[in-house]
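Only one structure is covered here, and it is reproduced in the block below.
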Amino acid sequence: MDMKRDYYEDIQLFKSNVVLFWSAVLLLALFTIPLYAPNYYIYLLNIIMVHVILAVGLNILVGSTGQISLGHAGFFAIGAYGTAFLMSMFQVPFVFAIFIAAFIAAFFGFILGLPALRLEGPYLAIVSLGFGLTIMHIIGGMDVFGGRMGIKVPPLDLGIKQLGISWVLKTDIQKYYLILIMTILLVVGARNILKTRVGRSFVAIRDSDIAAEVIGVNLTIYKTLAFAVSAFYAGIAGGLFGFVLGFFDPFTFNMILSVIFLVMVVVGGLGTIQGGILGAILITYLQYDFLKNIAEVPYLGALMVAISKQWFTTVGLENFSSMAIGLIMIGIIIFEPLGMFGVWIRMKKYWMTWPF
Amino acid sequence: MPVGQLLVEGLAIGACYGLFATAVVIIYKTSEVVNFAQGEMAMFSSFVAFHILSVYQLPFWAAFVITMIFSILLGILIEYFFLRPAKHPSILGLIVITLGAEMFLMGLAGWKWGAEQKFFSLPLDPSLTYEPVKGMIINNWAIAVFAVTTCIMLLLYVFFKYTRLGVAMRATQQNKHAAKIMGIRTERVLSFAWGSSSLIGAIAGMFFASRATLDPAFMMEPFLRAFAAAVLGGLMSIPGVIIGGGLMGLIENFFGYYWPQWKPIIAFIVIILVLCLRPSGLFTKHFVKKV
Amino acid sequence: MKFRNKALFSFIAVLAVLSIASVTQAAPPVGFDDNEIRIGQWGPQTGPAAPWGSVARGSKLLFDIVNEEGGIHGRKIKYFIRDDMYNPAQTAAVVKELVERQGIFAFVGGVGSATGMAVKDYLAANKILWIGPAAADKDFAFPVDPYLFAVYPLYKDEGSILTKYIVDKLKMKKIGILYQNDAYGKDGLEGVKDRLATYKMSLVAEIPVEPTEKDLASQILRLKNSGAEAVLMYLTPTPAVIALKTAATVGFKPQWVSSNTLSDYPLMFKITGGLWEGVITGAFGEIPDSMNPLMVKYREAAKRLTPEERWGIFYSAGIVFADPIVEALKKVGRNLSTEAVMKALNSFKNYQTIGPKITWTEKQHQGTDSVLIQKCGPGASYITLQDWTTNDLATWKK
């Protein structure tokens, strides 16, 4: 809104005391949620935060660099399998395991970034999609990773076994704090990346890769870097996701998941941090909780059952939520091309200029 | 190794992929959107045919005609109500709209017809097979696929080459604004593209349904493969797409014969390799961007 | 500014530590009170796996019947079905929601291996019973989880029994297998191989299939070329239909044999266009038009209470999975507790309703290893070839 006078002002974490205040309130709220929110929501929040990490990372690639990926479930899988595998087979402490796994994911991101140097649009989409499917298939074919049967993750031990320190997180609430801290760090990290030379190069590539090359952005480095960074985020998210779930098989990381990740970013708002966060929250909520068990809802449920009996089938009534989600997605894009971020901006403007 | 038989089967399923990929390409050519709802549009049309056949007990040709009309309307309506209102949309935004339409259609079909698999059959006697060359058994289904694909190819060729609407479509595809200035109603062209694409998709969908079963999720996998075939063929040239589909069918079947475990992904690996060498697919000239 | 940031963050850090320290997970509400017992089930009602969703709705029929008859010792059963879309992450979400918000006494059924594995430990940790998973994953019953009671005969045992039948009764030497590339198919494959090893035979072709594949031509040709006389199928309905249709068009006519997953003849007969006739399958429940008095009772009730449901194998399997908990609750009486029900369940001996005979002991929670062998006759009729058969090779019984 207001003019920035120098670079340091741009990279400041909190632009004004108002922002500082609200950030503090938000953090406070996030850290105290388990005190008043019912327990079963914590699991959902964990999933949401994992998706937030992934969406913020994917947004760096899709929104800020202008590439497309339908293979992020593959990186997600590498993170999940890598972390669980390193911890159970080689007794690597959690903190190292998750970062090693994320770096492996980043390496694969770099590999996927190479064909991206020459491809764009649907061509890149199909290559990344093929990549995701291949990863799922290869993991499923390897018995070390439990094959198609899936694997169970080891206990989430934050300590270092070799030194005899052990701090096992068992409950969802304990995991919530771990994931929350990781999420905050990674989101702030993503914001900082976008404010640096690297982030500006990404944006330059998105706006026009040839122009970017002309002004001295090394396309090879920055395009692959965007893939690697985004895959790194997906890897961390995957590592955490494994512990949220406790058990997973390759099919958990199917193509549909990749598509949903992309939807999160686009519905949330391309190229902004808030967009990734809002999109992940909205889409995950819609998927997991929205209009479920509609037959049990008072009044509405009876009405829907009656409608189903008249014109549809009662056995398929659960599909109603999928229809509603589809329409919500369409509606958001039609009425707010910027996605949830656009809604956020509108609300903010309305608030700031109120009562005019 | 039964080379002849694998050739027949690979080409038959490949022609099916190619036919469906044509539907994807027609929309891509006019509106630059990969329509992720394509599979579900075809699924929904096939369900309508199923419904007419099983509930109203009409003969097949009547059900077919009604379904074709329905599928055209479905395509036009989806474009009109879901894509057209979007103002200044990004390509990704449009893709998400088609994904939303996909979820909507899948939910609606699940609600209306339930999830259980349904039987859908074309009026072809499955027991009739021909063996022109020893070791190459051709069944009715494959013959129908080949015949229909060839017909549609010829029709599309004539259409794009010689009719006013076809030329208008090509003009719209090359430069939307210029086409508009030249007096082409680009909206109408879009409606037409979606309608015809939905029609071709519905025919392909019925072929898939009669080979497998009919259920709300049955077109997800064929869509992926058709999309891949379209990309392999170059997304712009329709004959290229058919060849791309055929290639996919052949690769999958020949490779899948020896390594069945890798059959589901081999086509994608080949496509990745091809695209590394030819970034715009096999049959499209690589388009170099001007600054 | 700088200082303030630091102060803020240290403040929040302290707060975080405090809140971690102060929050303890409260125990979930108990699953019953004086008027009702709450029972739940997850199952895919939407998405690609939705055809299996009828299992969860079948269990509902049984509980509706029980409630109609006045409940169990004065308590009605309140039954929750949750849609998990066959996605383990969603299964965990719906199970946690049910357990922690509603308070659940026991879960019954639950389709899927991975979905079940995602919640198995959670249920055990919260001391919630889980009876009759609608999947035969061997990790469910081995090692014994005190709260988990499995009904479904293991795919491995079934594969072994079916293979024995093929070799001994059908006198076929060349056997091929078409298996779904996941826990379900691989368990079956293992059982088949174990049995063949005792005959010093091996499979002429073993071919994996992805559940979503829509073209099986090369796989079928491979089977045809191997000269297989009998082909075992560990598949879901759609790939099985494709396999049969493709085989018919390339002139491949082996004896098809399938696991009980495809024992819903009316459905399979219909969606294969009649090709299903002559297929031999395992089965673990009474046939749909059986004259078994219990079956008649359930069938009549289904017609009355849920006329829109098809009376198929999956639907009645929902009853098979839910029967034991009703029986155990009846045995326990008014004085209800999880431990008492567990004790009752552990004393089940050859308990049979419309499924196999179930026996559970403290050390053994795999209820059965018996299956029937049936053949699809003309017009989707059921022909029983072999009565309840146990697997003499089952290692877990020793």
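The values are calculated or read from the model by the stated rules, or taken from the named source; none is laboratory data. On a predicted model such as this, the values are computed, not experimentally measured, just so you know. Here the Cβ positions follow ideal geometry from the backbone for every residue, glycine too, while neighbour counts run over all protein chains shown.
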Options A:Pro34, A:Pro38: the member that is at the interface with chain C (Cβ under 9 Å from one of its Cβ atoms) and touching a residue at least 40 places away in the same chain (Cβ under 8 Å): A:Pro34
All helices (runs of 4 or more DSSP H) inside the range B:1-113 with 1 or more residues being within 14 Å of chain A (Cβ to nearest Cβ) and small (Gly, Ala, Ser): B:3-31, B:38-55, B:91-113
A:Thr32 vs. criteria surrounded by fewer than 23 Cβ atoms within 10 Å (Cβ to Cβ) and of a type in the set (Val, Ile, Thr): yes
Exclusive hit being at pLDDT 90 or above, assigned to a loop (DSSP other than H, G, I, E, B) and either in contact with a helix residue (DSSP H, G or I) (Cβ under 7 Å, 6 or more places away or on another chain) or surrounded by fewer than 19 Cβ atoms within 10 Å (Cβ to Cβ) (or both), set A:Val217, A:Val203: A:Val217
Single condition B:Gly281 does not satisfy, out of (1) surrounded by fewer than 23 Cβ atoms within 10 Å (Cβ to Cβ); (2) within 21 Å of the chain's Cα centre (by Cα); (3) not in a helix (DSSP H, G or I): (1)
Entirely in the range A:5-81, the helices (runs of 4 or more DSSP H) that have 2 or more residues that are under 30 Å from A:Gly141 (Cα atoms): A:39-59
Verdict on B:Val65 being surrounded by fewer than 24 Cβ atoms within 10 Å (Cβ to Cβ), among the aliphatic types (A, V, I, L, M) and more than 19 Å from B:Thr149 (Cα to Cα): no
Criterion: modelled with pLDDT under 90, under 27 Å from the mean Cα position of the chain (by Cα) and surrounded by fewer than 24 Cβ atoms within 10 Å (Cβ to Cβ) - qualifying residue of C:Pro211, C:Pro153: C:Pro211
Residue in the range A:114-124 that is within 7 Å of another protein chain (Cβ to nearest Cβ), in a loop (DSSP other than H, G, I, E, B) and within 23 Å of C:Pro88 (Cβ to Cβ) present: no
Count - residues of the range A:83-112 that are under 19 Å from the mean Cα position of the chain (by Cα) and buried (at least 23 other Cβ atoms within 10 Å of the Cβ): 8
Of residues in the range B:6-37 being farther than 23 Å from B:Ala217 by Cβ and at pLDDT below 90, the one surrounded by the fewest Cβ atoms within 10 Å (Cβ to Cβ): B:Glu32
Boolean, A:Ala302 is part of a helix (DSSP H, G or I) and over 28 Å from A:Ser69 (Cα atoms): yes
Whichever residue in the range B:146-196 is among the hydrophobic types (A, V, I, L, M, F, W, C) and part of a loop (DSSP other than H, G, I, E, B) and, among such residues, is nearest to B:Val34 (Cα to Cα): B:Ile184
Residues that are more than 27 Å from B:Thr172 (Cβ to Cβ) and of a type in the set (Phe, Trp, Tyr), drawn from the range B:193-230: B:Phe207, B:Phe208, B:Phe218
Check on C:Gly53, at pLDDT below 90, crowded, with 24+ Cβ neighbours inside 10 Å and within 14 Å of chain B (Cβ to nearest Cβ): yes
Leading residue by the ranking (nearest to the other protein chains (Cβ to nearest Cβ)) among those in the range A:146-168 that are over 27 Å from the mean Cα position of the chain (by Cα) and small (Gly, Ala, Ser): A:Ser166
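Would you check if C:Thr238 is closer than 28 Å to A:Ile256 by Cβ and among the hydroxyl-bearing types (Ser, Thr, Tyr)?
yes
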Checking A:Leu270 against (1) modelled with pLDDT under 90; (2) not in a helix (DSSP H, G or I), the condition it does not meet: (1)
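Here's the yes/no breakdown for (1) facing chain B (nearest Cβ under 9 Å); (2) within 17 Å of C:Glu158 (Cβ to Cβ); (3) hydroxyl-bearing (Ser, Thr, Tyr); (4) in contact with a strand residue (DSSP E or B) (Cβ under 7 Å, 6 or more places away or on another chain):
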position	(1), (2), (3), (4)
C:Lys200	no, no, no, no
C:Ser218	yes, no, yes, no
C:Ala230	no, yes, no, yes
C:Ile242	yes, no, no, no
C:Ala247	no, no, no, no
C:Thr261	no, yes, yes, no
C:Asp264	no, yes, no, no
C:Ile280	no, yes, no, yes
Residue within the range A:283-295 that is more than 8 Å from chain B (Cβ to nearest Cβ), more than 30 Å from the chain's Cα centre (by Cα), outside any helix (DSSP H, G or I) and at positive phi present: no
Subset of the range C:339-362 (residues that are surrounded by fewer than 19 Cβ atoms within 10 Å (Cβ to Cβ) and polar (S, T, N, Q)): C:Asn346, C:Ser347, C:Asn350, C:Gln352, C:Thr359, C:Thr361
Odd one out for C:Met201, checked against (1) over 30 Å from C:Gly47 (Cβ atoms); (2) part of a helix (DSSP H, G or I); (3) aliphatic (A, V, I, L, M): (2)
Residue, nearest to the chain's Cα centre (by Cα), within the range B:213-224, restricted to residues that are part of a helix (DSSP H, G or I) and within 8 Å of another protein chain (Cβ to nearest Cβ): B:Pro222
